[in-house]
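The next block holds one structure in the form of structure tokens; read it before the comments.
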Amino acid sequence: MNEIKVSAERDYVVSFPSSWRPRFNELIANRSFAVIVPEPISSQIKDVVDPSRLILTSDGESQKSIDSYGSILEKLALMGLDRSSLIVGIGGGATTDLAGFVAATYLRGVDWVAIPTTVAGMVDAAIGGKTGVNLTSGKNLAGAFFSPHEVVIDTNWLSTLSDRDIRAGLAEAVKCGFISEPKILDLVTDWKRNLTEIIALSVGVKAGVVARDFKESHEREILNYGHTLGHAIEKHSGYSLRHGEAVSIGMCFAAELSVKLSGLSGSIAEKHREILQALDLPVTYSATAFDALFDLMRSDKKRGAGGLRFVTLKALGATDRATASRELLNECYLKSVGR
Ligand SMILES: NC(=O)c1ccc[n+]([C@@H]2O[C@H](COP(=O)([O-])OP(=O)(O)OC[C@H]3O[C@@H](n4cnc5c(N)ncnc54)[C@H](O)[C@@H]3O)[C@@H](O)[C@H]2O)c1
């Protein structure tokens, strides 16, 4: 597996070199460039990147603030980057979201390259051209659809990533398995051995969906399978759960809803629980939290006229959409995840 092509507002590739270093050197050759990287990861790139080209950010979600975004734009201007320059984001999804938005807006858009270093970044955040930062009012409220010039995936990065972060990232791969590519569901049973193939197949799923619906007018919504409840749980838990952990719970709920509304077989719903539990991902949440979660889901953007609208499954690899009343949601919540 050398590369996967992605067609969007412009075409690009996701490459899978055995090491990101030579590919990075080829990409920056004869160009001025800047590398945006969170401080904790910067020690891992010292031997490759000229320190005068580095822009260090804080770690995690805090780097996606308006202040951090503004200060990076100022630094790029001081470094003299012009329209032919390249911006490289090296880090997890927070970093590639930030670097992409910086690239989308600096001088009205310059080329950028994503080098994701987490599973979540590799299978999800760095693919698809959604870039953005957070506002005080909420996550990802400022952003742009702006595809990278290339995404460089080197799974050696993952050797330093915590087991918890790897498993949380795999929840998104499992999602790709249920909505489109069931082979992933077999491979995750031995994920340590199959990690590169799982990542490549998940990238293939996302690339295919994005090519058909870059700006999320309809099909791209299927990537939100499990996310409506997942986002609500993430927020309700005060972000103590990783995104992928919350999505894991959300998928079990979406599966139960699928049984009720889209004719999914009970055995496929049960398969969700088996696979996610085997990955040590959570599949339950507080039984008394439903009212608060319902309010959070209602304030989410996927609200239909006659109730809340969800991505559901008709069968393995076949998605559907369904609108559900509060009563039905409560029933499915208690049956599937509210323990
Ligand atoms: N644009 C999209 O389509 C999209 C999709 C999904 C998620 N996202 C965004 O992605 C972000 C979540 O991504 P994430 O889970 O990668 O979070 P993250 O970028 O915050 O990284 C998680 C943690 O892992 C550390 N880390 C990164 N790489 C490491 C490595 N190789 N070894 C050791 N530690 C490492 C980071 O320093 C950080 O502390 C969120 O901001 C979310 O909004 C975007």
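The values are calculated or read from the model by the stated rules, or taken from the named source; none is laboratory data. Everything quoted here is computed from the prediction, not taken from an experiment. FYI the Cβ positions are ideal-geometry reconstructions off the backbone, even for glycines, and counts take in every protein chain you see. All accessible areas refer to the heavy atoms of the entire protein, side chains included, with ligands and DNA or RNA removed. Shrake-Rupley method; radii C 1.70, N 1.55, O 1.52, S 1.80 Å.
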**OP:** Report the residue count in region 113-128 for those that are within 8 Å of the ligand (Cβ to nearest atom) and either open to solvent by 10 Å² or more (accessible area, probe 1.4 Å) or not in a strand (DSSP E or B) (or both).
**Re:** 10
Subject >> Members of region 45-86 found to be over 20 Å from the mean Cα position of the chain (by Cα), polar (S, T, N, Q) and open to solvent by less than 30 Å² (accessible area, probe 1.4 Å), listed by number >> reply: Ser68, Ser85
Original post:
How many residues, within region 68-82, are more than 16 Å from the ligand (Cβ to nearest atom) and not in a loop (DSSP other than H, G, I, E, B)?
Top reply: 9
**OP:** Go through (1) near the ligand (Cβ under 8 Å from one of its atoms); (2) in contact (Cβ under 8 Å) with a residue 60 or more places away in the chain; (3) within 15 Å of Asp154 (Cα to Cα) one by one and return the number of the condition Glu61 breaks.
**Re:** (3)
Subject >> Criterion (touching an Asp or Glu at 6+ places or on another chain (Cβ under 8 Å), open to solvent by less than 10 Å² (accessible area, probe 1.4 Å), away from the ligand (no atom under 14 Å from the Cβ) and of a type in the set (A, V, I, L, M, F, W, C)) met by exactly one of Ala254, Ala232 >> reply: Ala232
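Residues checked against (1) touching a helix residue (DSSP H, G or I) at 6+ places or on another chain (Cβ under 7 Å); (2) of a type in the set (A, V, I, L, M, F, W, C):
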residue: Ser217; (1), (2): no, no
residue: Ile233; (1), (2): yes, yes
residue: Gly238; (1), (2): no, no
residue: Glu245; (1), (2): yes, no
residue: Ser248; (1), (2): yes, no
residue: Ala269; (1), (2): yes, yes
residue: Ile275; (1), (2): yes, yes
residue: Pro282; (1), (2): yes, no
residue: Leu313; (1), (2): yes, yes
Original post:
Taking region 165-189, which residues are within 10 Å of the ligand (Cβ to nearest atom) and not small (Gly, Ala, Ser)?
Top reply: Asp165, Ile166, Glu172
**OP:** Answer yes or no: is there a residue in region 83-98 that is within 11 Å of the ligand (Cβ to nearest atom) and over 24 Å from Thr196 (Cα atoms).
**Re:** yes
**OP:** Specify the residue that is nearest to the ligand (Cβ to nearest atom); the eligible residues are those in region 40-58 that are without any contact (Cβ under 8 Å) to a residue 12 or more places away in the chain and in a loop (DSSP other than H, G, I, E, B).
**Re:** Ser43
**OP:** Among what's in region 87-112 and is open to solvent by less than 10 Å² (accessible area, probe 1.4 Å) and in a strand (DSSP E or B), pick the residue that is farthest from Ala34 (Cα to Cα).
**Re:** Gly91
Original post:
Is there any pair linking a residue in region 262-276 that is assigned by TED's automatic domain parsing to the domain that holds Asp186 to one that is open to solvent by less than 30 Å² (accessible area, probe 1.4 Å) and charged (D, E, K, R), with Cβ under 7 Å and at least six apart or on different chains, and which?
Top reply: Ala269/Glu256
Original post:
How about region 159-214: which of its residues are at pLDDT below 95 and not in a helix (DSSP H, G or I)?
Top reply: Asp213, Phe214
**OP:** Check Glu9, Glu26 and return the single one that is in a loop (DSSP other than H, G, I, E, B), open to solvent by 20 Å² or more (accessible area, probe 1.4 Å) and at negative phi.
**Re:** Glu9
**OP:** Of the conditions (1) touching a residue at least 60 places away in the same chain (Cβ under 8 Å); (2) within 9 Å of the ligand (Cβ to nearest atom), Leu161 clears all except one; give me its number.
**Re:** (1)
Original post:
Which residues, counting only those in region 180-197, are open to solvent by 50 Å² or more (accessible area, probe 1.4 Å) and without any contact (Cβ under 8 Å) to a residue 24 or more places away in the chain?
Top reply: Lys183, Asp186, Asp190, Lys192, Arg193
Subject >> Test: residue in region 143-158 that is part of a helix (DSSP H, G or I) and either within 8 Å of the ligand (Cβ to nearest atom) or under 19 Å from His227 (Cα atoms) (or both) >> reply: yes
Original post:
Regarding Ser7, is this residue out of contact with any strand residue (DSSP E or B) (no Cβ under 8 Å at 6 or more places or on another chain) and in contact (Cβ under 8 Å) with a residue 12 or more places away in the chain?
Top reply: yes
Subject >> Single condition Ala144 does not satisfy, out of (1) free of Cβ contacts under 8 Å to residues at least 40 places away in the same chain; (2) touching a Phe, Trp or Tyr at 6+ places or on another chain (Cβ under 7 Å); (3) open to solvent by 20 Å² or more (accessible area, probe 1.4 Å) >> reply: (1)
